[in-house]
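Undergrad: Below is the structure I would like to discuss, written out as structure tokens.
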Number of protein chains: 2
Amino acid sequence: MQNFKTSKLETVYCVVVFMRRVAIVGVGMSKFGEHWEKGFRDLIIEAGVQALQDGNLKGEEIDALYGGTMAAGRLIGQEHITALIADYMGLNPIPATRVEAACASGGLALRQGFMAVASGLHDVVVVGGVEKMTDVSTAEVTTALGGAGDQEWELFMGATFPSIYALMARRHMKEYGTSVEQMAAVSVKNHLNAAKNKFAQFQKPVTLEEVLESKEVSSPLKVLDCSPITDGAAVVILASLEKAKKYSDCPIEIIASAQASDTIALHDRKSLTELKATQIAARKAFQQAGVSAKDVDVAEVHDCFTIAEIMAIEDLGFVEKGKGGKATEDGFTALNSDVSVNTSGGLKGCGHPVGATGVKQAVEITWQLRGKAGERQVKNAELGLTHNVGGSGATAVVHLFKKC
Amino acid sequence: MQNFKTSKLETVYCVVVFMRRVAIVGVGMSKFGEHWEKGFRDLIIEAGVQALQDGNLKGEEIDALYGGTMAAGRLIGQEHITALIADYMGLNPIPATRVEAACASGGLALRQGFMAVASGLHDVVVVGGVEKMTDVSTAEVTTALGGAGDQEWELFMGATFPSIYALMARRHMKEYGTSVEQMAAVSVKNHLNAAKNKFAQFQKPVTLEEVLESKEVSSPLKVLDCSPITDGAAVVILASLEKAKKYSDCPIEIIASAQASDTIALHDRKSLTELKATQIAARKAFQQAGVSAKDVDVAEVHDCFTIAEIMAIEDLGFVEKGKGGKATEDGFTALNSDVSVNTSGGLKGCGHPVGATGVKQAVEITWQLRGKAGERQVKNAELGLTHNVGGSGATAVVHLFKKC
């Protein structure tokens, strides 16, 4: 792993450790959707108990907890959420740490957990992501989500997230000839995948016409170009590879973890048609693992809007810049095509409980690499990727996974 | 450091690293207070620039950023704050990670930064804490802070933080005979120290009578028993000890870092007069460093309320359980007495911008161990401690520091 630096032994305080291989040994998630009957705690506990059972683990075997939530303070009035989760999962007194980077909170939590195990600090770490979004009005959710961008220069001026991504879409259309039909094709594909995933918020396919005729949100984006408001939670349990074999017949190794930052405001960027943080994180991740984009079989990418998936498959290197729309239309990213993108249904079809999304991506890739993804199984899936974005691209996190 | 586990070399992916010694090479903070003229970004940049100058560092030498903020989403409408800070400090595209554990957010950010350098992942890491609390009404701040506890079982029932700590105070009075005069003595001491600190919110001493006659907030706690609402930011820059000598003539080493969790709600605890998370974190920290409470010369402890300092000096082991009130009254924790506690003025006198507090504690200890604390200098200070608590004790973080 090239970005981990070496150092020479310094004093008697030092203890020799090694950057260790890290694997996922247990996964779980709640159904994503509008859970009027369940609270924040119910959702994360449901996912957590599943993950523990999946990994045949007991609570006392867990050394630390990392949690991703974007806006629990605004959406349910609760901060300090990992202490709450540790308490409700019976994990006290282990260290419990919340990390937040807007919609990339889950991916960042996964990365902190990975680092904690890779460094030798902890052997078994639980990583959770959760968001309960339907306890407040849609207007309040929209305002809370606006806090992912530059609230002083964007949200206060009326620029909510659909309008920010609409600006990117317009520019992508102008520079590369991307069409509304090509964007709609992302939605059609992801809803088709979601219909095969019992955990997904939306369980039925949509047609190209339905997307194109759906209500406009911020031109050119229509409601079926946008990910929904969702309640949900996802949990993965990480262990050093040595320990992983004790818990799982088929541990899924995390072979790279990379994170990068960009300007918080869109207006400060040189280009509106690429996310530089995605490009940097992807390059680092591929370097760490010694693989390239063409080796990836299955990828969960951050399709908060259909244009976001088109930019993502370009920035990750699956297709050339500007070719994402055409490639999607041609089926390049369909299930069991060149690279199967968003087999879970993605943010668009599976739903987007913001803090949970980055962890859910890892859950889906785990199921795919285990060969347990049912009707949406990618054949011979060996190398998986997750790509989680905060805001309009101020944070991006990329992980790579393979079967042990 | 006994809680860091070793592992044997596993594969060609592994790179040999060592748990490295970590030191503070630069510190900075804004004045704490009511900053009607400054925003969130101004405060953190002010502290950040000071810290960079203090360490003779350039931005491009920084490898990663960790930031602590409790409730920026509610207080200024902004999430994703470390991406914003990295952007405004010109640090893109380094990984920027926000951590949150209510009022322990700053201490947790320090711990993540410490781990990132100790593990060998990064060489130079900036750790910031910031909160801008005066942009909304006091009622809104009180509600936001209520999110640090169990909002469903405490805040929704009307239990704000003063009332939660008032319950602890009442029980401490009943069990140990602690008096309101002894609690007031904490306030008198901390205001006296604050009056010697140009960065403190309150610049003048208060008398025992003034504390006792101040307005009641939640009996037995009066307004001068409570930490104030504060705007402020603090930054420390960490480097591996090897690199530290390049940046600082007097690097301050972090010789222990420990964190523990407890129940989020007070009603779930066996005892109301101790914070178990503090006890566990302190025990681990002392073990890591091979020292004991009696070796500590100067300590910044979490005195969100006067009763909290009394419990803290007991839970940290400076005095026996139940003797904290009497010890304070007798001057045991006064400047240049047995152990100098809260020389900065603490949360009570220096102010409590929640996310910044844990980082500010490390700034004060750095100044003390460098011998640069001016009128409030502790003579021959060699070993320092910081103690940062989230909520009513669901999270506690303890760090130990010494001169290199």
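Undergrad: Ranking A:Ser392, B:Ser271, A:Ser105 by Cβ neighbours within 10 Å, fewest first, what do you get?
TA: Ordered from fewest to most neighbouring Cβ atoms within 10 Å, A:Ser392, B:Ser271, A:Ser105 come out as B:Ser271, A:Ser392, A:Ser105.
Undergrad: Need one number for the range A:225-297: average projected area of the convex hull over its C-alpha atoms, nm².
TA: 8.3
Undergrad: Let me ask another. To two decimal places, what compactness ratio does chain B give when its Cα radius of gyration is scaled by 2.2 N^0.38 Å?
TA: On the way: Rg = 19.7 Å, N = 404, 2.2 N^0.38 = 21.5 Å.
Scaled against compact globular proteins, the figure is 0.92.
Undergrad: When each pair of different Cα atoms in the range A:179-334 is counted once in the 1/r mean, what is the Kirkwood radius in angstroms, to one decimal?
TA: So the Kirkwood estimate lands at 17.6 Å.
Undergrad: Over 52 Å, how big is the tail of the calculated P(r) for the protein assembly as shown, in percent of all Cα pairs?
TA: Result: 10 percent of Cα pairs exceed 52 Å.
Undergrad: Sort shortest first the distances from B:Glu213 to its counterpart in every other copy, using label points 7 Å along the Cα-to-beta-carbon line, and give them in nm.
TA: Going from nearest to farthest copy, the values are 7.9 nm.
Undergrad: Here is a follow-up. With chain A rotated onto chain B, spot the residue of A whose Cβ lies nearest the axis and note the distance in whole Å.
TA: A:Ser119, 2
Undergrad: If you don't mind, another one. From the mean inverse distance of alpha carbon pairs (Kirkwood) and the Cα radius of gyration, derive Rg over Rh for the range B:37-118.
TA: Details: Rg = 12.5 Å, Rh = 13.2 Å.
Result: Rg/Rh = 0.95.
Undergrad: A follow-up question, please. Compute the separation of the alpha-carbon centres of the range B:130-164 and the range A:246-290 and state it in Å as a whole number.
TA: Their Cα centres are 36 Å away from one another.
Undergrad: Give the shape of the range B:239-281 as rounded, prolate or oblate, defined through the alpha-carbon gyration tensor: a ≥ b ≥ c are the square roots of its eigenvalues, a/c under 1.5 means rounded, and otherwise the shape is prolate if a/b is larger than b/c and oblate if not.
TA: Cα axes put the range B:239-281 in the prolate bin.
Undergrad: Right, here's the next one. Averaging over every viewing direction, what projected area does the convex hull of the Cα atoms of the range A:189-255 cover, in nm²?
TA: Mean orientational projected area (the range A:189-255, Cα hull): 7.1 nm².
Undergrad: Could you line up A:Phe305, B:Phe32, A:Phe161 from fewest to most neighbouring Cβ atoms inside 10 Å?
TA: Listed from fewest to most nearby Cβ atoms, that is A:Phe161, A:Phe305, B:Phe32.
Undergrad: Same structure, new question: Take each complete run of DSSP H in chain B, measure how far its Cα atoms stretch along the helix's own axis, and keep only those covering 24 Å or more with mean Kyte-Doolittle hydropathy at least 0.5; list them.
TA: none
Undergrad: To continue, here is another question. What share of the DSSP beta bridges in chain B is antiparallel, in percent to the nearest 5?
TA: Around 70 percent antiparallel, to the nearest 5.
Undergrad: A follow-up question, please. Output the direction-averaged projected area (hull surface divided by four) of the convex hull of the alpha-carbon atoms of the range B:359-404, in nm².
TA: 3.6
Undergrad: What are the principal axis extents of the Cα atoms in the range B:124-166, in Å, biggest first?
TA: Each principal axis gives a Cα extent; for the range B:124-166 these are 44, 23, 19 Å.
Undergrad: Tell me the net charge near B:Val341. Cut-off is 10 Å between Cβ atoms, B:Val341 excluded, with +1 for each Lys or Arg and -1 for each Asp or Glu.
TA: In short, -3.
Undergrad: I need the inter-copy label distances for A:Cys404: point set 7 Å along Cα to C-beta, values in nm with one decimal, smallest first.
TA: Reported distances to equivalent positions: 3.9 nm.
Undergrad: Just the number: Rg to Rh for the range A:135-268, Cα atoms, Kirkwood Rh, two decimals.
TA: 1.05
Undergrad: Have a look at A:Ile164, A:Ile313, A:Ile252 and tell me which one the Gaussian network model of chain A (Cα, springs below 10 Å) gives the largest fluctuation.
TA: A:Ile164
Undergrad: What residue among B:Met133, B:Met168, B:Met29 has the largest mean-square fluctuation in a Gaussian network model of chain B, using Cα springs under 10 Å?
TA: B:Met168
Undergrad: Here's something else I'd like to know. On the principal axes of its Cα set, how long, how wide and how thick is the range B:50-183? Give whole Å, largest value first.
TA: 55, 33, 25
Undergrad: Could you compute the net charge surrounding B:Gly128? Neighbours are other residues with a C-beta less than 15 Å from the C-beta of B:Gly128; K and R count +1, D and E count -1.
TA: Working: positive: B:Arg41, B:Arg98, B:Arg111, B:Lys132, B:Lys360; negative: A:Glu100, B:Asp42, B:Glu46, B:Asp54, B:Asp63, B:Asp87, B:Glu100, B:Glu131, B:Asp231.
Result for the local shell: -4.
Undergrad: Next question, about the same structure. Using only the alpha carbon atoms of the range B:163-227, find the Kirkwood hydrodynamic radius as the inverse mean reciprocal pair distance, in angstroms to one decimal.
TA: Roughly 12.2 Å, rounded to one decimal.
Undergrad: What are the semi-axes of the equivalent ellipsoid of the range B:267-338, taken as the square roots of 5 times the eigenvalues of the Cα gyration tensor, listed largest first and rounded to whole Å?
TA: Values: eigenvalues 71, 61, 18 Å².
Over the Cα atoms of the range B:267-338, the ellipsoid semi-axes are 19, 17, 10 Å.
Undergrad: Beyond 26 Å between alpha-carbons counts as too far, so tell me which of A:Lys31/B:Lys276; B:Lys196/B:Lys379; A:Lys198/A:Lys326; B:Lys174/B:Lys326 fall in that bin.
TA: Values: A:Lys31/B:Lys276 36 Å; B:Lys196/B:Lys379 15 Å; A:Lys198/A:Lys326 29 Å; B:Lys174/B:Lys326 14 Å.
Long pairs (Cα-Cα over 26 Å): A:Lys31/B:Lys276; A:Lys198/A:Lys326.
Undergrad: In addition: Which percent, to the nearest 5, of DSSP beta bridges fully inside the protein assembly as shown are antiparallel? The partial results should precede the final answer.
TA: Values: 84 of 114 bridges.
Taking every DSSP beta bridge with both residues in the protein assembly as shown, the antiparallel ones total about 75 percent.
Undergrad: Out of every Cα-Cα pair in the range B:309-361, what percent are more than 13 Å apart? It would help to have the intermediate numbers written out before the result.
TA: Details: 815 of 1378 pairs.
Tail fraction, whole percent: 59.
Undergrad: From the label point of A:Glu242, set 7 Å from Cα along Cα→Cβ, how far away are the matching label points in the other copies, in nm, ordered shortest to longest?
TA: 2.3
Undergrad: Which value results for Rg/Rh of the range B:295-399 when Rg is the Cα radius of gyration and Rh the Kirkwood radius based on the inverse mean 1/r?
TA: 0.93
A short reminder: the numbers here are calculations on the coordinates, not readings from a lab. The structure displayed is predicted, hence computed values, not measured ones. Glycine also receives a Cβ, built like all others from the backbone with ideal geometry; neighbour counts cover every protein chain displayed.
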